[in-house]
Amino acid sequence: MVFDTHSTIAVVGASLAGLRAAETLRADGYGGRIVLVGAEAHEPYDRPPLSKQLLAGTWGLDRVRLREPEKIDALGLDLRLGHAATALDVDGHTLELDDGATVTFDGAVVATGAHPRTLAGTEGVQGVHTLRTLEDCFALGADVAGAATRLVVVGAGFIGSEVAATCRGLGHHVTVVEALPVPLSRVLGDRLGATCAALHADHGVEVRAGVGVARLETAAVPGGERLTGVALVDGSVIAADVVVVGVGVVPTTDWLAGSGLDVDNGVRADATLHAADDVVVAGDLARWFDERLGAEIRIEHWTNAAEQGVAAARSLLAGRRGAGSFSPVPYFWSDQYDTKIQVIGHPHPDDEVVVVDGSLEERRFVALYGRRAVLTAAVGFSRPRQLMGYRPFLEAQATLDEARARRPD
Ligand SMILES: Cc1cc2nc3c(=O)[nH]c(=O)nc-3n(C[C@H](O)[C@H](O)[C@H](O)COP(=O)(O)OP(=O)(O)OC[C@H]3O[C@@H](n4cnc5c(N)ncnc54)[C@H](O)[C@@H]3O)c2cc1C
């Protein structure tokens, strides 16, 4: 398909990946109609501050905007905020919205992201939270606004750990419950996972690892039920006023049932991000074939969503046959307490890990990961400059020894 000023491109999902896609379509000269559909009523905003500065109260709402309103206006979008897409038909090139509107498109970018997993049976219980949207952040913020609260975070993933750190900083009593024996061991392996757990302990947050949640305990209050504690499978109960459930996210793909797209743990796409001839995907829901790895992957991090939004738009404009492949060296960060954790590449729990700068005990270091002698990832704790020095080695698919031979800064 060649797009021109008479074409319509639908971008579904008005957050990071969707906005970057819309901006790129314009920046690359596309002058036709862009319909940007977003289920949330807000103008596009950034999620990382929701577990950090916005929750801590150090940033106001103005700082979480992804773009100034004038810049969004300048894109000349047909903006449908506060409206969810309810169906897409690849063959018919149509999109249905929840207000009954039908959009006929020539090309589409699907970027509806992901939403949090919940604990079954906890819907509507007061004091129980997940964190994905501004509303979630306000609701959690209101629940921890008073005197010292007993907060339990279920799941020691990155978002749960950030909530624990932020709420500890606000003076609350925080316990993190993690079913895995070592938090984050499936991402970073046992050694660095244990270091992440130690970081919590350094700041007075108790980590209960290797034990799952049996159920949440509640008491009847006017208007429903309120959380009183978290019962663990070992029979113990942690008294709690607030629980944050951080047990991962699921790609938001329900609305694509029957669309003709291949939906299975995300929307499956080829190396060019095409999920169908005129449909590309970007962000947390994209499960694409990464040529560098020779495998399909899905990434739930900010930088990937931003870069993939750009790449997906370019790929759509180039057409499936003319488009290049998307195969980045991924990057993400997590801010916990006063530590910046940064990860470049694809660490695997079974990789060899070598600390090349600083030490785990100081919580300031760079660790390199390697598999079959090849460098796979570099992980830094509060060593941003030193860490970035290893990016070229990851891009060049260097050996672990070549990266180790680099002189530290
Ligand atoms: C609290 C929090 C902290 C984070 N911190 C970090 C961090 O420190 N570092 C990092 O690398 N990453 C972080 N992330 C992850 C990062 O924010 C995500 O990877 C990124 O937001 C993904 O962007 P996206 O556009 O793919 O999806 P999303 O941001 O999920 O946006 C998808 C949008 O699509 C909308 N939508 C859903 N269904 C429909 C529909 N049917 N029709 C129309 N619209 C729809 C949704 O409402 C949403 O607005 C954090 C995420 C959260 C929640």
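Helical content alone sets the calculated 222 nm signal of the chain at -6500 deg cm²/dmol, taking -39,500 (n - 2.57) per DSSP H segment of four or more residues and averaging over every residue.
The relative contact order of region 235-327 comes to 24 percent, based on Cα pairs under 8 Å that sit 6 or more residues apart.
Stretched out straight at 0.36 nm per residue, the stretch from D91 to V221 would grow longer than its current Cα-Cα span by 41.6 nm.
Per-residue extension of 0.36 nm, minus the Cα-Cα distance of A139 and L360, leaves a gain of 76.0 nm for this segment.
The trypsin sites (Lys or Arg not before Pro) of region 152-222 include none that meets both conditions, a loop assignment by DSSP and at most 14 other Cβ atoms within 10 Å of the site Cβ. Within the listed set S327, S359, S51, the Gaussian network model of the chain (springs between alpha-carbon atoms below 10 Å) gives the highest mean-square fluctuation for S359. In plain terms, the chain from D202 to D254 could stretch by 14.6 nm, reckoned as 0.36 nm per residue minus the Cα-Cα distance.
Net charge around G169, counting only other residues with Cβ within less than 12 Å of its Cβ (Lys, Arg = +1; Asp, Glu = -1)?
-1
Direction-averaged projected area, Cα convex hull, region 89-161: 7.9 nm², rounded to one decimal. Site pair A27 and S7 shows an inter-label distance of 1.8 nm when each label is modelled 7 Å from Cα along Cα→Cβ. Expressed in units of 2.2 N^0.38 Å, where N is the residue count, the Cα radius of gyration of region 338-409 is 0.98.
All Cα-Cα distances of the chain, cut into 20 Å bins from zero to the largest, leave 26, 54, 20, 0 percent in each bin in turn. Among the GluC sites (Glu not before Pro) in region 246-308, those located in a DSSP loop and surrounded by at most 16 other Cβ atoms within 10 Å of their own Cβ are E291.
A cut-off under 15 angstrom between Cβ atoms defines the neighbours of V128, and their net charge, with Lys, Arg +1 and Asp, Glu -1, is -2.
Relative to the globular-protein estimate of 2.2 N^0.38 Å, the Cα radius of gyration of region 171-242 stands at 1.28.
Just how far, in whole angstrom, is region 130-190 from region 223-239 if you go by their alpha carbon centroids? Between the Cα centres of region 223-239 and region 130-190 lies a distance of 16 Å.
Going by the alpha-carbon gyration tensor, a ≥ b ≥ c the square roots of its eigenvalues, is region 1-137 rounded (a/c under 1.5) or, if a/c is not under 1.5, prolate (a/b greater than b/c) versus oblate?
It is oblate, given that a/c is not under 1.5 and a/b is not larger than b/c.
Can you give the FRET efficiency to the nearest 0.05 for D234 and A56, using r as the Cβ-Cβ distance and R₀ = 30 Å? Efficiency computed from Cβ-Cβ geometry: 0.40. Working note: Cα atoms of region 55-123, range along each principal axis, descending, whole Å: 47, 44, 20. With equal scatterers on the alpha carbons only and no solvent term, can you work out the Debye log10 of I(q)/I(0) for region 362-403 at 0.16 1/Å? For the requested q values the scattering log ratios are -0.36.
Put simply, when 270-277, 29-36 are sorted by average Cβ atoms within 10 angstrom per residue, most first, you get 270-277, 29-36. Relative to its residue count, region 226-319 spans a Cα convex hull of 163 Å³ per residue. For the peptides 176-183, 84-91, 111-118, the ranking by mean Cβ contacts within 10 Å, running from highest to lowest, is 176-183, 111-118, 84-91. Every pair of different Cα atoms in region 245-292 enters the Kirkwood calculation, which places the hydrodynamic radius at 11.3 Å. Annotation for region 252-305 versus region 340-409: alpha-carbon center distance of 28 Å.
Coordinate-derived values only; no laboratory data. Predicted model, so just to flag it, every value in this text is computed and none were measured. Cβ sites come from the backbone with ideal geometry, for glycine too, and all protein chains shown count toward neighbours.
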